[in-house]
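Asks: Sending over a structure as structure tokens; questions will come in a sec.
The numbers here are math on the coordinates, done by the rules we state, and not lab data. No experiment lies behind these values; they were computed from the predicted model shown. Using ideal geometry, Cβ is built from the backbone for each residue, glycine included, and neighbour counts are taken over all protein chains shown.
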Amino acid sequence: MASETKGRAAVDLLLGGLQVLVGIIILGHTVTATALSLLFVGWLLLATGIFIVFLAVFQIGKDGIWTALLGGGLMTVLGLLFLRHTGAAALTVTLAAGSLFLVVGIARLAASFQDPEHRWSLVFGGAVSAVLGLIILFNIVAATFTLLGVLLGVQVVTEGLMTMVFGREAKRFAAASPSDTEASTAPA
């Protein structure tokens, strides 16, 4: 059991390091990462929409066929738009993200007046989110082709660091002797 955990910890450290490296590469090429992520989402929407329409054809005569056909058709059209007009898709997603950051920030700031126990964390998180939303919305041209790449890069780096931390914790846990863990968990 301990050797399996040590091996898993080494794999976690290796995979976490690779994720951090890939995240740094993504942060260096944010425009390419944005375009590729939008193309991926476009193909995913297109394939899912076609699949839903295909399944809806077999539902003829049953309840829900029209909602399935409409949903599948809209997903197919949205996927085609993402694939044909990547710039417009990037602008749309950036506007949605900026608006979401702004609204969440305002909601957190409003919630800070209701919760005195967590007031400062809500004020800080709300202010950061609202300012980030305003920066995105007022610099929409600059943010359009970089925002998704930056968010993706930061997410991959964070996931890599967390994988490494949990791998290190697993290694430390495996290094503890079984008698120590049995003694600490035994009822008194």
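Asks: Please give the helix 147-175 orientation as an angle from the longest Cα principal axis of the chain, in degrees from 0 to 90, rounded to the nearest 10.
Replies: 20
Asks: Only sites in a loop by DSSP and with at most 15 other Cβ atoms within 10 Å count here; which chymotrypsin sites (Phe, Trp or Tyr not before Pro) in the range 7-65 make the cut? All intermediate terms of the calculation are to be shown ahead of the outcome.
Replies: Working: sites: PHE40, TRP43, PHE51, PHE54, PHE58; in loops: PHE58.
Passing sites in the range 7-65 are PHE58.
Asks: Which FRET efficiency, nearest 0.05, do THR48 and MET162 yield, Cβ-Cβ r, R0 25 Å?
Replies: Between THR48 and MET162 the formula returns 0.30.
Asks: Okay, moving on. Quick one: what are the phi-derived ³J(HN,Hα) couplings along the range 102-112, Karplus 6.51/-1.76/1.60 with θ = phi - 60°, whole Hz, x for glycine and proline?
Replies: Per-residue couplings from phi come out as 5, 5, 5, x, 5, 5, 5, 5, 5, 5, 5 Hz.
Asks: Report ³J(HN,Hα) in whole Hz for each residue of the range 64-77, in order, from the Karplus equation J = 6.51 cos²θ - 1.76 cosθ + 1.60 where θ = phi - 60°; Gly and Pro get x.
Replies: Couplings: x, 5, 5, 5, 5, 5, 5, x, x, x, 5, 5, 5, 5 Hz.
Asks: Can you give the direction-averaged projected area of the convex hull of the alpha-carbon atoms in the chain, in nm²?
Replies: On the way: hull surface 73.9 nm².
Over all viewing directions, the chain projects a mean Cα-hull area of 18.5 nm².
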